[in-house]
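Take a look at the structure set out below.
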Amino acid sequence: MKILIAGDGKVGMALTHELVREGHDVTVIDSNMNALRMDLGRYDVMTVNGNAAALNTLREAGVEQSELLIAATSADETNILCCLTARSLNKNLHTIARVRNPEYTEQLFTMREYLGLSLSINPEFSAAREIFRLLQFPGFLRRETFAKGRVEIVELKIPEGASLQNVALNNLYKIAGVKVLVCAVSRQGKVEIPNGSYVLRAGDHVYVTARAINLAQLIKNLKIETQKIRHVILVGGGRISYYLAELLLGTGVRVKIIEKDPDRAARLAELLPKASIVLGDGSMQSLLESEGVYGADALVTLTGMDEENIVISMFAHTVGVRKVITKVNRQEFSYIFNDMIGSVVSPKELCSSEIVRYVRAMQKQTGQVITLHRIANEGAEALEFNVDDEVQWCNTPLKDVPLKQGVLISCITHKGKTVIPDGSSVFQKGDTVIAVVTSGRVIQQMNDIFEE
Amino acid sequence: MNIKIISRTISSILFLEAIMMLPSLIWCFIDREWDVIASFVVSVSLICLAALLLRLFSRHANDNFQAQEGFLTVALSWIVISAMGALPFFISGQIPNYVDAFFETVSGFTTTGASILSDVESMSRGLLYWRSFTHWLGGMGILVFALAVMPSSKTGSGKLYLMQAESPGPSVGKLTPRLHTTAGILYGIYVVLTLLCILFLVMGGMPFFESLCTAFGTAGTGGFGVKNDSITSYSPYIQNVCTIFMLLFGVNFNIYYLALLREGKSILRDEELRLYLFIFLCATGIIAWNIRSMCLSWEDSLRHAAFQVSSIMTTTGFCTTDFNLWPPLSKAVLLCLMVLGACAGSTGGGIKTVRVTLMSKILRRDILKTLNPRSVVLVHMNGRQVEESVLRGVSSFIAAYIILVGGSFLLVSADGISIEGSMSAVLACINNVGPGLAEVGPMSNFQELSEPVKLVLAGDMLLGRLEIFPLLSIFSRHAWNRRM
């Protein structure tokens, strides 16, 4: 598929990487020649130098022959204008714009068609929602939803001395008490899809498929973290903080935001009268202590600097804050300190995987991918498929279906009822199926998970 | 520097070369020349063996492929395929001296067309076919061919450097997002034009084998003929077909792609194409007027002038007459055309019209800047601003070119031939033209030169074809350093 990406920043680069890997013809537009030259050396793409919202540049990039335009420049207005212009040149073009300013949220919702947008993405809001969901169940390091929110894949770490330690997966049901499926285990950085005799050890990161209504029960039976989060400290008062604070305050959680810029602090105080806003540098240990870091249930670091976020999170982790969430933009080195900073949320990754999902869904193939989540530090993918006429092995018990190496079917939704499958389960036309695949192979449609 | 990935690429190129040798066998079979078949079989097996050894050595190569690797791969591949491509000539004994065979093959791959053979017609057809086919492969570039036929890797990181190093011109752009498709389109255009050329030649009554070889020589702008007197003895129709096709292959191939997209306006506005055609017309006019007393009719002098201008300007090197006997003005015009060369992105050699255009624009800017030091002047080409790095590249290319021509001239003149002879030999080789003047003129050849001088000239041909810097990079200490 021919795809144009306008803007070669963090998100643009991540998207280029993903989409080229999936085999699309990508053209990158940016006004900065040096950024483009970097890209040319690294990826098999075409580059066009110029203003992405200008007619000439879009023409030169071949907008007439393209199927999708993703506008991800740093300015919202440019992105919208870019999509508007491109749509006027090519009526059948799909357009995705990154729009971050909360002041535009409403008009985007009502004027989407008028503005020529197929999809608008707000990475900060996605990140805030993601963090909010993590705070709901502090025992889980990550949560990914499938089947319209009915099924989730959650990540948990097995601590020293936990009840799950040294348990073979065959016996999991006895402890968990609800029907769940371990679909991937990351042990010392290596991701595996386990079988029934696999024995869990302390330090493993385990990815569990469970029905959403069973999550609370699961937490309780596993005796991981049951206490609810009531006091949260947010370090840094950017857009994510604002969105997150709104969500948290809505559920009655007490929020404290530490921000060092006086203007912004004042603005937050005006927008969020229920939150307590503190003016100060959140990277100072003394300030954190005096603002009650020891008493907080959770701490979320949201400053603009990755390094600052990581250091503050490590500090909070050492002093025993129960739930620590770190915002990291560049995930390149994150595996080094993954165990020390709790959950990691990356707006860039969220945004790019949301777009990749859209792109995969655009290629109207058989056994379409409807949801895609990267799990285990990108070591595996969880994909949700629609089962239609073309899909092979319908109505065959799973134990007889020849799956490829490193593929596991972890959930089947049949007429709104979700089933955690075993060897005798079958999938039928009209069902949705969730499969977990260790990364390295690109799965475009459901038939790709079967042996030839 | 990642030596393993370089070896792996070279090994693929060698396999490709072995496959490309096979069609020559057809002509050997038709002529029942079993000893030539044997020499081809031995050569192909040797090439495959070398390729296998390289593949074995590069088993665990990682994919780190950057500019450094790209340039080294191109430079080394060209040397290796020339050395290997010379094997059939040497083993069959038809060119008994290996240095001569190497010279002939380098001349083939670089599309120079300078020959050491005094009697081409006595050679067997299988070898003649291979000799002309090297032109065709070298014209568009064998690595570009590899990019076009081999499946593209998922990320394709760094492969652009291969194309940049091999394709002529100051800046290489992609036509499509994927390198694989770009290379495929370029080769598609090349194949179609070559087939058209063969068709027109056969229609003019040229025997099939000869039209194949002549078409390869024309397409790659090479210049190896299958007759001792090149194109002289063919009919005027065939000579005119060659004139037109040489001119066509000297045009930037992007122009043909634009034609496919029906962007007529931007073709007409292309500054390089306009200058190229303008120079062709002017030079033809001057020479036709200058040689009018030597020819039978106006038509005759115009045909010879147009053929020779087209042949020398696109650096092909075919000839219809001994231009060595022409008056000094015509010879001087031809020498200038040799240096000027064809368009960037074509199969021709020389400095390239676009570089001359840019150089004159740089000069104009610098004059303006001397007169008015505070003025800000940008250089534009086809309505777009040209990046400063491209301009710097043009200046340093021309400087390196002058130094190399001077150095080679000194070395070649040690052989004791005339000044005109040695100067034109160097220019004919570094610009990939082929025939020069005086001792190395169109009706004589490079046989009489000594072996070291032949090697110097072979080096010049490679420098000219790869546009100097990729080849010079081999001699840089930094190219071989471990990357830190």
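Table for the structure above
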| quantity | calculated |
| --- | --- |
| Relative exposure of B:Arg374, A:Arg87, judged by other C-beta atoms within 10 Å (fewest first) | B:Arg374, A:Arg87 |
| Three-way shape call for the stretch B:3-249 based on the alpha-carbon gyration tensor, with the a/c threshold at 1.5 | oblate |
| Assigned charges on the beta-carbon of Lys, Arg, Asp, Glu; the protein assembly as shown dipole about Cα centre (debye) | 2500 |
| A:Gln405-A:Lys91 FRET efficiency (beta carbon distance; Förster radius 35 Å; 0.05 resolution) | 0.20 |
| Distance violations [Cα-Cα > 27 Å] among A:Lys348/A:Lys429; A:Lys2/A:Lys404; A:Lys327/A:Lys404; A:Lys2/B:Lys361; B:Lys174/B:Lys352; A:Lys228/A:Lys274 | A:Lys348/A:Lys429; A:Lys2/A:Lys404; A:Lys327/A:Lys404; A:Lys2/B:Lys361 |
| Computed label-point distance, nm, for sites B:Ser450 and A:Asp388 using a 7 Å Cα→Cβ extension | 7.8 |
| Sites A:Gln188 and A:Lys429 - FRET efficiency at Förster radius 41 Å, r taken between beta-carbons, to 0.05 | 0.50 |
| Rough spin-label spacing in nm, given labels placed 7 Å along Cα→Cβ, for B:Leu22 and A:Glu307 | 5.9 |
| Cβ-based exposure ranking for A:Val253, A:Val426, B:Val377, B:Val74, in which fewest neighbours within 10 Å come first | B:Val377, A:Val426, A:Val253, B:Val74 |
| 17 Å reach of a label modelled at B:Glu121, 7 Å along Cα-to-Cβ, counting backbone N of the stretch B:201-237 | B:206-211, B:214, B:225-235 |
| Dimensionless Rg/Rh of the stretch B:299-430 - Kirkwood Rh, Rg from C-alpha atoms | 1.05 |
| Of the trypsin sites (Lys or Arg not before Pro) in the stretch B:1-84, those whose Cβ has at most 13 other Cβ within 10 Å and which sit in DSSP loop | B:Arg32, B:Arg59 |
| Electrostatic dipole magnitude of chain A [Cβ: Lys, Arg +1; Asp, Glu -1; Cα centre; debye, to 20] | 1320 |
| Three-way shape label, chain A, alpha-carbon gyration tensor, a/c 1.5 | oblate |
| Order of B:Met123, A:Met38, B:Met246 under a 10 Å beta carbon neighbour criterion, fewest first | A:Met38, B:Met123, B:Met246 |
| Sites B:Ser45 and B:Ile3, calculated FRET efficiency, Cβ-Cβ separation with R0 22 Å, nearest 0.05 | 0.30 |
| Mean separation of Cα contacts under 8 Å (6+ apart) over length of chain A, as relative contact order % | 11 |
| Cα gyration tensor shape of the stretch B:128-281, rounded if a/c is under 1.5, else prolate or oblate by comparing a/b with b/c | oblate |
| DSSP-assigned coil residues among chymotrypsin sites (Phe, Trp or Tyr not before Pro) in the stretch A:282-337, each with at most 12 further Cβ atoms within 10 Å | A:Tyr294, A:Phe333 |
| Distance between the stretch A:377-452 and the stretch B:163-179 - C-alpha centres, whole angstrom | 43 |
| Nitroxide proxy distance, nm - points 7 Å out along Cα→Cβ at B:Arg274 and B:Gln66 | 4.2 |
| GluC sites (Glu not before Pro) restricted to the stretch B:234-327 and DSSP loop, no more than 13 other C-beta within 10 Å | B:Glu263 |
| Euclidean distance between Cα centres, the stretch A:241-255 to the stretch B:363-389, Å | 58 |
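Readers should treat all values here as calculations from the given coordinates under stated rules, not as data from a laboratory. Since the structure is predicted, the reported quantities are computational estimates derived from the model, not experimental observations. Cβ: placed from backbone, ideal geometry, glycine included. Neighbour counts: every protein chain shown.
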